[in-house]
Amino acid sequence: MTGDARSVLVERPGTHRLVTGEPPVPGPGEVRVAVHAAGVCASDREVYDGTRAAGYVRYPVVPGHEWSGTVDAAGPGVDAALVGRKTVGEGFRACGVCDRCRTGETSLCTAGYEETGFTRPGAFADYLVLPARLLHPLADDADLTAAALLEPAAVVAAAVLRAAPRAGERIAVVGAGTLGLLAVQLLAATSPAELLAVDPRTRPLRQATTMGASVTAAPEEAKELHGRYDLVVETAGAPGTARDSCLLARRGGRVVLTGMPEPGAHGIDPVHLSVSQLTVASVFGAPPAAWSYATLAFGQGLLRPAELITHRLPLASFGEAVGLVGSGDPEVGKVLLTP
């Protein structure tokens, strides 16, 4: 195959350019995916700004870890029947043999951190090469534009699996960004007695209501609801949301932290944790079981990611896309780049 293949290369923080070259060739055990759409998130903004934690990015890099596409070529040792399949795929390049990988916790691989779009070339490109074992093929009629959000959906699915919600529980979701609204959709499917969404912005709260939330509140209003919820899923990663989530939980309740706070976030009161006997868990990325859960829920219509997309931009508009993500504009939802 010949021809120019484009990719967005972030050479160093604050500097990027659109480069062209021959399409990458998949090696043994690998596939090449023709990218259909790729989501831009706060982590990509961190890569561009240079604020991502040391060890979790390697420059120069082609970002893009939220993506969907079609298998375009298969390397040696890969089933040729995959060619032409719509697909999404896991980002963590885990070793598969360490103790954590063998228990299915691939996002905690002890061999070192490697992830598509951060330390390996990502999906802000016409083509992406990755190990075939990381693919999660989709149905032939799947909406590939919506499927680009299955990476954040898998993170949410990891949180829901960790939370183990039970029918009839009171549940709160703190944060109504992409992760929060996907969490509302998945948790609504568990038949909660009450499903609260907390966010300071009006538009996301309106969306949360259409996606299954029975109650919405701004953070100040949510203070009146402290101690009410059996389960609280935190998705915002804002400075005070981990602490606030623990306060919303009832005594003996459960809290799952999904958002990634920056250094300097408010600490959780250990006295409150002990006296309330809370169970607090956290999620970093998504293991294979969470990806399977997310793709299944997507295929069955329980997840409706398309409703979260507000902007679709061409690959050459990466700079504009990053600006939108970091703008703070409450009308900006999920931003996609479409090669």
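The values are calculated or read from the model by the stated rules, or taken from the named source; none is laboratory data. Bear in mind the structure is a predicted one, so any value in this text is a computation, not a measurement. Glycine gets a Cβ as well: all are built from the backbone with ideal geometry, and neighbour counts include every protein chain shown. The accessibility values were calculated without ligands, DNA or RNA, using every heavy atom of the protein model including side chains. Shrake-Rupley method; radii C 1.70, N 1.55, O 1.52, S 1.80 Å.
List of remarks:
- For a modelled paramagnetic label at Arg203, 7 Å from Cα along Cα-to-Cβ, the residues of segment 304-326 in reach, with backbone nitrogen under 14 Å, are 307-312, 324-326.
- Burial ranking of peptide ranges 252-260, 152-160, 296-304, 197-205 (average Cβ count within 10 Å, highest at the top): 152-160, 252-260, 197-205, 296-304
- Gyration tensor (alpha-carbon) shape descriptor, segment 169-287, a/c threshold 1.5: rounded
- Relative contact order of segment 142-211, defined on C-alpha pairs under 8 angstrom at six or more residues apart (%): 32
- In order through segment 72-79: 3J(HN,Hα) via Karplus (6.51 cos²θ - 1.76 cosθ + 1.60), integer Hz, x for Gly, Pro: 9, 7, 10, x, x, x, 9, 4
- Rounded to the nearest 20 debye, the dipole magnitude of segment 109-233 is 280 debye, with +1 charges on Lys and Arg beta carbons, -1 on Asp and Glu beta carbons, and the Cα centre as origin.
- Here the 3J(HN,Hα) profile of segment 330-339, calculated from phi with Karplus coefficients 6.51, -1.76 and 1.60 at θ = phi - 60°, is x, 8, 8, x, 7, 9, 10, 9, 10, x Hz, Gly and Pro shown as x.
- Distances between placed amide hydrogens fall under 5 Å for Glu30 paired with Gly75, Ala132, all partners being 5 or more residues away or on another chain.
- Anisotropy class of segment 1-160 from Cα gyration tensor, a/c 1.5 cut: rounded
- Under the span-like rule (Cα at least 18 Å along the axis, Kyte-Doolittle mean at least 0.0), DSSP H helices of the chain: 150-163
- FRET E, pair Cys95, Leu273, Förster distance 22 Å, beta-carbon r, rounded to 0.05: 0.05
- For Ala5, nonlocal amide neighbours, meaning residues 5 or more places apart or on other chains whose placed amide H falls under 5 Å from its own, are Gly21, Glu22.
- The Rg/Rh ratio for segment 85-142, using Cα coordinates for both the radius of gyration and the Kirkwood hydrodynamic radius, is 1.02.
- Farthest toward the positive end of the dipole of the chain, out of Ala217, Gly323, Thr70, is the Cα of Ala217, where the dipole comes from beta carbon charges about the Cα centre.
- Under-5 Å amide H pairs with Ala172, H placed in peptide plane, nonlocal only: Leu196, Leu231, Val232, Val233
- Listed values for segment 223-231 are Karplus-derived 3J(HN,Hα) couplings in whole Hz (6.51 cos²θ - 1.76 cosθ + 1.60, θ = phi - 60°), namely 4, 6, 10, 4, x, 9, 9, 5, 9, and x replaces Gly and Pro.
- Cα gyration tensor category, rounded, prolate or oblate, for segment 258-339 with a/c compared to 1.5: oblate
- Accessible surface of segment 25-114 [probe 1.4 Å, protein heavy atoms]: carbon and sulfur percent: 52
- The ratio of the alpha-carbon radius of gyration of segment 134-226 to the globular-protein estimate 2.2 N^0.38 Å is 1.15.
- When segment 78-227 is described by a simple charge dipole with +1 on each Lys and Arg Cβ and -1 on each Asp and Glu Cβ, the residue from Val173, Ala132, Gly227 located farthest towards its positive end is Gly227.
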